[in-house]
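In what follows, a structure is listed as structure tokens, so that the remarks can point back to it.
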Amino acid sequence: GDGLGMMAFAPLVITVAPLLRRRPVAGWRRVAEAAITLGAIGVATWALTSPIPAVLETTDGLRYAVFPLLIWVALRFGPWAAASGVAVLTSIVMLDVARLHVAPGAAPPSTVAFVIHLYIFVALASLSALVPAAVMEERIAASEARHASELRFRRLAEQIREAFVEARLSPLRIEYVSPNWATLWGRPIDHAYDPAVWINSVHPEDRHLMEASLGMVTGGEDDTLTFRIRKPDATTRWIRGRVYAVKGAEQEVQGATAVLEDVTEQQLAGERTRQVQKMEALGRLAGGVAHDFNNMLTVIDGSAALLDLALPEAHEARPDLAAIRRAAASARSLTARLLAFSRSEPVEARPIALHAVVESASDIVTRLVGRKVTVQRRLEARNDLVLADRQHLEQVLVNLAVNAGDAMPSGGALMIATRAAQVMERSRRDDRHPTRTHYVCLSVQDTGHGMSAETKARAFEPFYTTKAEGKGTGLGLATVFSIAQQYGGFVTIDSTEGVGTTVEVYLPELPSTSAPPADT
């Protein structure tokens with residue numbers, strides 16, 4: 001009874017009780033396999049250990065032949081099967097001992113040596129089964145925990161929009177890149193493990209940022225940087241990287257981890273915000289100057305008109321007065337542009353179809369750009385209603401056409417197009433879930449000489465011009481930008497030297513159920 005309790009049933013209860021709480025689901029094949037194996041242990045135990053006194057009192061090693069079967073059960077099915085096998089073996093051995101006490105004429109063994117041998121045999125059987133089962137159970141639990149952790153990390157890496165990178169330093173070796181890298185870079189994921197792909201993808205002007213960040217991380221410091229990459233489709237994206245140094249037990253730098261995200265929309269939004277703030281400040285200044293200047297022009301032109309009436313027809317000062325009045329008229333045109341830029345003139349915003357503006361202004365555009373330039377139209381937008389002042393839209397188209405014509409002195413092609421566009425915009429309240437906003441895009445594309453990077457960066461600045469003195473005021477694109485911003489839109493420009501320039505004006509689209517377009 002002591003032997004059964006200590007070495008058989010106690011381990012069985014300890015191992016089976018947690019299983020009863022968890023209620024695991026086991027297939028019938030596995031249960032049948034375990035039952036057959038436990039039955040084999042019982043048969044082998046009875047065959048190899050009976051009669052038990054004779055076996056224990058000799059040096060016969062056959063009684064240990066059942067131990068490999070116990071170990072296999074422990075490794076195959078775990079602690080509960082090992083405890084069950086030990087219970088089967090111990091029960092059969094103890095029943096054999098009990099049979100000697102109740103058999104007629106039997107002389108049961110009662111020596112201390114017999115009891116010691118019996119308990120040593122049963123203890124060895126328990127240890128040979130339960131110890132390997134416990135070790136294997138810990139390894140399996142650790143493996144399952146590691147697998148679950150890897151699964152959680154994989155799900156996290158695949159579901160969020162950022163990309164994770166792990167790398168070794170000195171020499172640089174990429175060890176892991178999450179799948180989202182392929183979306184950010186527009187390349188197959190296996191390209192991410194080639195450091196040359198990283199270097200070649202980064203914009204040449206931003207590669208020094210990567211080198212500086214790598215130097216900081218190698219020195220044990222974390223870094224945050226924003227850089228540009230070029231995707232295989234020739235588009236440019238802004239990437240923000242947060243790089244962290246991975247240190248060992250002695251604080252030596254062993255590697256680096258990085259979190260990468262596409263911040264192109266935020267970067268463009270920030271640039272538009274800064275441009276809007278700068279334009280608003282300059283607009284207020286230009287509006288004030290234009291009003292004061294217009295008042296002075298009124299005095300000048302009025303005084304010249306009175307002198308013109310007072311002087312005889314043949315007076316020698318008449319040509320000078322005519323020149324004064326022509327200069328005043330030209331100055332009034334400039335003040336009109338300044339007022340349009342500063343949005344100080346009255347506005348009559350009405351629903352209007354953008355394609356109607358393009359069609360009505362086609363003749364004007366053709367005359368402005370000259371005979372050497374071929375003008376084409378591509379009006380793709382089905383619903384191109386916008387809320388704006390018609391004169392403002394015509395001014396936008398004329399300004400863009402004039403700039404395009406000036407960029408093609410030897411001739412070329414001018415494409416004017418309208419299309420529907422959807423832009424993902426983020427709000428301050430919910431930056432992670434952008435909303436899709438519908439716009440109508442007016443695109444003016446030329447095959448002129450293009451712009452340098454410096455000119456492109458300053459293209460929307462008022463009074464900035466690359467034309468010769470007296471040939472331009474520098475208010476063309478600035479006025480376009482101001483008008484688009486006035487109606488809740490924005491302007492983008494893409495230009496390459498020697499190839500041409502494309503200016504796109506985005507205006508919020510009105511629903512097709514809005515009021516009928518004006519003057520269509």
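The values are calculated or read from the model by the stated rules, or taken from the named source; none is laboratory data. Owing to the predicted nature of the structure, the values given are computational and were not obtained by experimental measurement. Every residue, glycine among them, receives a Cβ derived from its backbone with ideal geometry; neighbour counts consider all protein chains shown. Ligands, DNA and RNA are stripped out before the accessible areas are found, and what is left, the full protein with its side chains, is counted by its heavy atoms. Shrake-Rupley method; radii C 1.70, N 1.55, O 1.52, S 1.80 Å.
As a summary of the residue check, ARG187 satisfies the conditions (1) surrounded by fewer than 16 Cβ atoms within 10 Å (Cβ to Cβ); (2) part of a loop (DSSP other than H, G, I, E, B) except for the one numbered (1). For residues that are in contact with a Leu (Cβ under 9 Å, 6 or more places away or on another chain) and not small (Gly, Ala, Ser), scanning just region 131-163, find the one that is modelled with the lowest pLDDT. Restricting to residues being in contact with a Leu (Cβ under 9 Å, 6 or more places away or on another chain) and not small (Gly, Ala, Ser), the top hit is ARG161. Which members of region 191-214 meet the condition of being touching a strand residue (DSSP E or B) at 6+ places or on another chain (Cβ under 9 Å), closer than 20 Å to PRO171 by Cα and of a type outside the set (Ser, Thr, Tyr)? Matches in region 191-214: ALA192, ASP194, PRO195, TRP198, ASN200, VAL202, ARG207, LEU209, MET210, ALA212, LEU214. Counting only residues that are in a strand (DSSP E or B) and open to solvent by 50 Å² or more (accessible area, probe 1.4 Å), which one in region 215-237 is nearest to PHE164 (Cα to Cα)? Among those that are in a strand (DSSP E or B) and open to solvent by 50 Å² or more (accessible area, probe 1.4 Å), it is THR224. Remark: GLY105 matches the filter, which requires a residue to be on the phi > 0 side of the Ramachandran plot and either modelled with pLDDT under 70 or crowded, with 19+ Cβ neighbours inside 10 Å (or both).
Selection of region 140-173 for residues being in contact with a helix residue (DSSP H, G or I) (Cβ under 8 Å, 6 or more places away or on another chain), open to solvent by less than 90 Å² (accessible area, probe 1.4 Å) and not in a strand (DSSP E or B) yields ALA157, ILE160, ARG161, GLU162, LEU169, LEU172. A single entry from TYR176, TYR119 fulfils the requirement of being surrounded by 11 or more Cβ atoms within 10 Å (Cβ to Cβ), in a helix (DSSP H, G or I) and either hydroxyl-bearing (Ser, Thr, Tyr) or under 27 Å from the mean Cα position of the chain (by Cα) (or both): TYR119. Kindly indicate which of ALA182, ALA212 is assigned to a helix (DSSP H, G or I), at pLDDT 85 or above and open to solvent by 50 Å² or more (accessible area, probe 1.4 Å). When all the criteria are applied, what remains is ALA212.
Would it be correct to say that TRP72 is surrounded by fewer than 18 Cβ atoms within 10 Å (Cβ to Cβ), at pLDDT 65 or above and either among the β-branched types (Val, Ile, Thr) or more than 53 Å from the chain's Cα centre (by Cα) (or both)?
No: the conditions fail for TRP72.
The sole residue among ARG187, ARG207, ARG237 that is of a type in the set (D, E, K, R) and free of Cβ contacts under 8 Å to residues at least 40 places away in the same chain is ARG207.
Test LEU127 against the stated conditions and say whether it is assigned to a helix (DSSP H, G or I), without any contact (Cβ under 8 Å) to a residue 40 or more places away in the chain and open to solvent by 60 Å² or more (accessible area, probe 1.4 Å). Yes; evaluated as a whole, the condition is true for this residue. Quick check: is even one residue across region 407-418 at pLDDT 80 or above, more than 31 Å from the chain's Cα centre (by Cα), among the hydroxyl-bearing types (Ser, Thr, Tyr) and over 22 Å from THR235 (Cβ atoms)? Among the residues of region 407-418, at least one is at pLDDT 80 or above, more than 31 Å from the chain's Cα centre (by Cα), among the hydroxyl-bearing types (Ser, Thr, Tyr) and over 22 Å from THR235 (Cβ atoms), which makes the answer yes. Pairing residues of region 356-377 that are at positive phi with residues that are assigned to a helix (DSSP H, G or I) and surrounded by 14 or more Cβ atoms within 10 Å (Cβ to Cβ), at Cβ distances under 7 Å and at least 6 apart in sequence or on separate chains, gives GLY370/GLY405.
The residues in region 190-209 that are of a type outside the set (A, V, I, L, M, F, W, C) and open to solvent by 50 Å² or more (accessible area, probe 1.4 Å) can be counted, and the count is 9.
Find all pairs meeting these conditions: Cβ atoms under 7 angstrom apart; at least six residues apart or on different chains; first residue within region 400-415 and over 9 Å from VAL369 (Cβ atoms) and part of a loop (DSSP other than H, G, I, E, B); second residue of a type outside the set (S, T, N, Q) and open to solvent by 40 Å² or more (accessible area, probe 1.4 Å). Going by the 7 Å Cβ cut-off, the qualifying pairs are ALA407/HIS449; SER410/LYS372; GLY411/LYS372.
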